[in-house]
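A short worksheet on the structure shown next.
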Amino acid sequence: MCVGAQNGEGQLRYDVIIAGAGFAGLAAAGELRAKRVLLIDRYEIGTHQVSACGTLLGVMQALDAMDCVLQIHPRIVVTGPRGPIVYPLSHPFCTFDFEKFMRKLARRTDADFVLAQVQGVRGDIVQTTRGDYEGKVLVDATGWSAALARSISPHHVNKRVMSFGIETVQRYRGEGLLFWYDPTRYRAKHIQWIFPCGDESRIGVASYLGETKLKDELEQFTRDVGVGTDELHGGYVPYALREPTVENIFVVGDAAGQCFGVTGEGIRGALYFGQAAGRIVRRVADGEIPLATGLIEYRRFVQAHRLYFTLLYWFQKIMTNAPILMAEGIMRFFSLPKLLSKILDLYVAALNPVTLRRAPDCIDARTRP
Ligand SMILES: Cc1cc2nc3c(=O)[nH]c(=O)nc-3n(C[C@H](O)[C@H](O)[C@H](O)COP(=O)(O)OP(=O)(O)OC[C@H]3O[C@@H](n4cnc5c(N)ncnc54)[C@H](O)[C@@H]3O)c2cc1C
């Protein structure tokens, strides 16, 4: 069990402080069992879904979380101005239950949890609305806003390389992950989607330009689908890698821009780099390697994956700037079965879910909701 010790100034001192208890934060915490770890989030774990929660089925299999899967998707369908393009998937995707999955990850850590807004960092002190906490090692997993990294380096967050999306959950059944890319019907450089998950679907709109006024367009889209629009969720989606370390801080998940361009797939990256950072941080916390070595090792690990992120970054730039018929032609070209299968193999191997580790359940979990 982990309990922070008091330092000389009455602040609680932890081996590791993780700001943000989303995908990346919980993945890191799962690698840090039996250390004194503090997770800080402004919301209770699993209560604030921002995402459509579509990921490779292999992710759920590797993490032994198949009971969180709501629907398996053996194909993606993209509808352009000249009709649908079907992509049969040799690696299926799935949609999953966010709350159940996050609670499962939380049960696999024994970290302390504090409900507070992270405000910034000073040295090894994390400042929050509930007071200051001191940590030997700090991890920023606060999503796109990168609360710790940005408080040191304001340019860490660059809205010019972020998309923005919103979605609603409606009673609507469907098959496959369904996208629309049709500027003749909706706004240019925008995409619409329906991610079915059993009796319901997550229905959304995103702007690759990061435009945030999307409600009208979502209402138009849901009307076209024949459903309503009530509660909304969403946010920014970074599509350019950011610095993976800022001074003494490990930065993971969206906070480090570890989200793919074009597809906006960020959950796999958050889990993958969250676990990788957690394993390195563990060695630092154990005294096996100095903090500086751990930071360099993590930078190198992220760097080794840079090519995939760069390719998808430029692919997004090309697709969103190409004339629509050319963009549609490219999309049709990639649906050729042999090419699609090769590209999908590479896309999966970029952050291979097989390497994800299932942390054991923790009886004593402080974070257990
Ligand atoms: C509309 C939409 C749909 C998406 N759909 C998909 C999808 O289907 N599949 C996919 O792979 N990706 C999708 N994404 C991207 C995906 O949601 C992110 O890449 C992923 O959530 C990143 O995980 P993370 O842990 O890095 O950050 P987050 O999931 O954002 O978690 C960050 C955590 O930090 C907390 N936090 C933030 N700031 C503070 C603060 N100052 N103090 C305390 N706590 C703080 C938050 O409450 C949150 O719990 C989508 C994104 C959007 C916006």
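The values are calculated or read from the model by the stated rules, or taken from the named source; none is laboratory data. The structure displayed is predicted, hence computed values, not measured ones. Note that we place each Cβ from the backbone using ideal geometry, even for glycine, and neighbour counts take in every protein chain shown.
Side notes on the structure shown:
- Enumeration of residues in the stretch 17-33 that are more than 6 Å from the ligand (Cβ to nearest atom) and part of a loop (DSSP other than H, G, I, E, B): Glu31, Leu32, Arg33
- Of all the residues in the stretch 45-61, those that are within 6 Å of the ligand (Cβ to nearest atom) and either on the phi > 0 side of the Ramachandran plot or among the β-branched types (Val, Ile, Thr) (or both) number 3.
- Test: residue in the stretch 74-83 that is touching a Ser or Thr at 6+ places or on another chain (Cβ under 8 Å) and either within 15 Å of the ligand (Cβ to nearest atom) or under 23 Å from Thr142 (Cα atoms) (or both): no
- Qualifying position, being outside the structural domain of Leu311 (by TED's automatic domain parsing) and near the ligand (Cβ under 10 Å from one of its atoms), among Gly228, Gly165: Gly165
- Matching residues, the stretch 278-296, being loosely packed, with under 13 Cβ neighbours inside 10 Å and either in contact (Cβ under 8 Å) with a residue 24 or more places away in the chain or among the charged types (D, E, K, R) (or both): Asp286, Glu288
- When the stretch 122-156 is filtered for residues that are within 11 Å of the ligand (Cβ to nearest atom), assigned to a strand (DSSP E or B) and over 23 Å from Arg283 (Cβ atoms), the ones remaining, listed by number, are Gln127, Thr128.
- Whichever residue in the stretch 84-106 is in contact with a helix residue (DSSP H, G or I) (Cβ under 9 Å, 6 or more places away or on another chain) and away from the ligand (no atom under 16 Å from the Cβ) and, among such residues, is farthest from Met326 (Cα to Cα): Ser90
- Extreme residue, surrounded by the most Cβ atoms within 10 Å (Cβ to Cβ), among residues of the stretch 34-44 that are in a loop (DSSP other than H, G, I, E, B) and within 6 Å of the ligand (Cβ to nearest atom): Arg42
- Among the candidates Ala188, Ala277, Ala206, residue that is small (Gly, Ala, Ser) and in the same structural domain as His305 (by TED's automatic domain parsing): Ala277
- The set of residues from the stretch 233-257 being in contact with a Pro (Cβ under 8 Å, 6 or more places away or on another chain) and either in a loop (DSSP other than H, G, I, E, B) or more than 7 Å from the ligand (Cβ to nearest atom) (or both) comprises Phe250, Val251, Val252, Ala256, Gly257.
- Taking the numbered list (1) within 14 Å of the ligand (Cβ to nearest atom); (2) of a type outside the set (Val, Ile, Thr); (3) over 23 Å from Trp144 (Cα atoms) in turn, Arg282 passes all entries but (1).
- Residue in the stretch 335-343 that is within 24 Å of the chain's Cα centre (by Cα), free of Cβ contacts under 8 Å to residues at least 12 places away in the same chain and not in a loop (DSSP other than H, G, I, E, B) present: yes
- Verdict on Pro183 being in a loop (DSSP other than H, G, I, E, B), within 29 Å of Ile343 (Cβ to Cβ) and in the same structural domain as Val77 (by TED's automatic domain parsing): yes
- Across the stretch 73-111, the number of residues qualifying as surrounded by fewer than 18 Cβ atoms within 10 Å (Cβ to Cβ), more than 17 Å from the chain's Cα centre (by Cα) and within 28 Å of Ala29 (Cβ to Cβ) comes to 1.
- In the set (1) in a loop (DSSP other than H, G, I, E, B); (2) surrounded by fewer than 16 Cβ atoms within 10 Å (Cβ to Cβ); (3) of a type outside the set (Phe, Trp, Tyr); (4) touching a Pro at 6+ places or on another chain (Cβ under 9 Å), the condition left unmet by Leu325 is number (1).
- Residue identified as within 13 Å of the ligand (Cβ to nearest atom) and either of a type in the set (A, V, I, L, M) or under 22 Å from Ala359 (Cβ atoms) (or both) among Phe260, Phe273, Phe301: Phe273
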